[in-house]
1. Please determine, by comparing only the residues of the range 121-140 that are in a helix (DSSP H, G or I) and touching a strand residue (DSSP E or B) at 6+ places or on another chain (Cβ under 8 Å), which one is nearest to the ligand (Cβ to nearest atom).
2. Taking the range 163-186 as the search range and keeping residues that are under 30 Å from residue 20 (Cα atoms) and over 17 Å from the mean Cα position of the chain (by Cα), which one is nearest to the ligand (Cβ to nearest atom)?
3. Would the range 52-63 turn up any residue that is modelled with pLDDT of 95 or more, more than 20 Å from the chain's Cα centre (by Cα) and within 11 Å of the ligand (Cβ to nearest atom)?
4. Of all strands (runs of 3 or more DSSP E) completely enclosed by the range 42-111, which ones contain at least 3 residues that are buried (at least 20 other Cβ atoms within 10 Å of the Cβ)?
5. Collect the residues in the range 82-120 that are touching a strand residue (DSSP E or B) at 6+ places or on another chain (Cβ under 7 Å) and near the ligand (Cβ under 10 Å from one of its atoms), keeping them in residue-number order.
6. If you scan the range 166-221, which residues turn out to be out of contact with any helix residue (DSSP H, G or I) (no Cβ under 9 Å at 6 or more places or on another chain), in a strand (DSSP E or B) and within 28 Å of residue 29 (Cβ to Cβ)?
Ligand SMILES: Cc1cc2nc3c(=O)[nH]c(=O)nc-3n(C[C@H](O)[C@H](O)[C@H](O)COP(=O)(O)OP(=O)(O)OC[C@H]3O[C@@H](n4cnc5c(N)ncnc54)[C@H](O)[C@@H]3O)c2cc1C
C-alpha cells in the first residue's frame, strides 16, 4: 500500500485540496479505522489520501446545542459522543450506540462522519441517527452547503449520495418536542465488544403527559442493504401509551419491523437467524427500562 497524504488544517485548505485532486484518484479519511483496512486490500498505485483529522474548524469538530437541535461535526469521535451530557440526556439512543461501538481505543479515533460515510448497513451510529431523523450538511467544493436527510443519503452498502466534490461537514439532529423519552439501542453481535452487529434496533419515542407516544423513530441495522427507517411500525405506535402496549400490539410492531427487513446470509449470520433475532429484539423494546 502506497499513497500520498495531504492534511488540510482549515476548511479553505480542504476546499483547495478537493479542487486540486478532482481529476485524479483520492480518498477522504478521518479516523482511518475503516479506510486502512480497505486500502490494505487495494492494489491502487496512484492514490492521494486527504486526511481530515487535522482540520480545526469548529463546524467539523464541535458539538453545538441550539434550541432547534444539535449539530455534531463530522470529525467528532465516537468517545466524545458517548460522554456528551446533552446527548446522554436528550438522545440516549445515540449515546448507547456510541458506547456499543468497537472498543475504547477505537472509539477515541473513529468519527461519526466516518461511520456514516462508510455506509455500512451495520453502522451503529448510522442506525441511531436514522431513528433520530438526522440530516447531513454536506460541504461542496464551491463552498456551498447541501442538506439531505440521512435516510436519503444512504443508497446501498458502502454507497452514499456523496459526490467526488463533496465532504460531509456535520450532522443535525432535530430537538425533541417533549422532555419525556423512551429511547434506546439494542445490538446483537457474536461478542459484546469489537463486534459489528448481526442485528441492531434503534428506537426514540417522545412521550406526552400520559406516556402517549407523540413522535417516534425506529431504525434497524444489518438486516438490509442500508440502515432502514421502519415507518409503518413508528406510525402504528402513534398515541399508544408506551407503558401499556398490549401484547398483540407488541407482536404487530415486531411484525411490521420484520417486514421492513430483507436480510441475507453472510459470514456473520444466516438470513433466517437475523429474521428471528430481529423479531424477538423488536418485541423486547417494550421490556427495556
Ligand atoms: C476492530 C474494529 C471494530 C469495529 N467495530 C465497529 C462497531 O462495533 N460498530 C460500527 O458501527 N463500526 C465498527 N467499526 C467500523 C469503524 O470503526 C466505524 O465505522 C468508524 O466510525 C469509522 O470512522 P473513521 O473516522 O475511522 O472513518 P475512516 O476509516 O477514516 O473513513 C471511513 C469512510 O468514510 C469516508 N469519510 C470519512 N469521513 C468523511 C467525511 N467527513 N466526509 C466524507 N467522507 C468521509 C472515508 O473516505 C471512508 O470511505 C469497527 C472497525 C474496526 C477496525
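The values are calculated or read from the model by the stated rules, or taken from the named source; none is laboratory data. Note that the structure is predicted; figures quoted are calculated from it, not measured. Every residue, glycine among them, receives a Cβ derived from its backbone with ideal geometry; neighbour counts consider all protein chains shown.
1. 124
2. 166
3. yes
4. Here the list reads 69-73.
5. 97, 100, 107, 109, 110, 111, 112, 113, 116, 117, 119 - these are the residues of the range 82-120 that are touching a strand residue (DSSP E or B) at 6+ places or on another chain (Cβ under 7 Å) and near the ligand (Cβ under 10 Å from one of its atoms).
6. Selection gives 172 alone.
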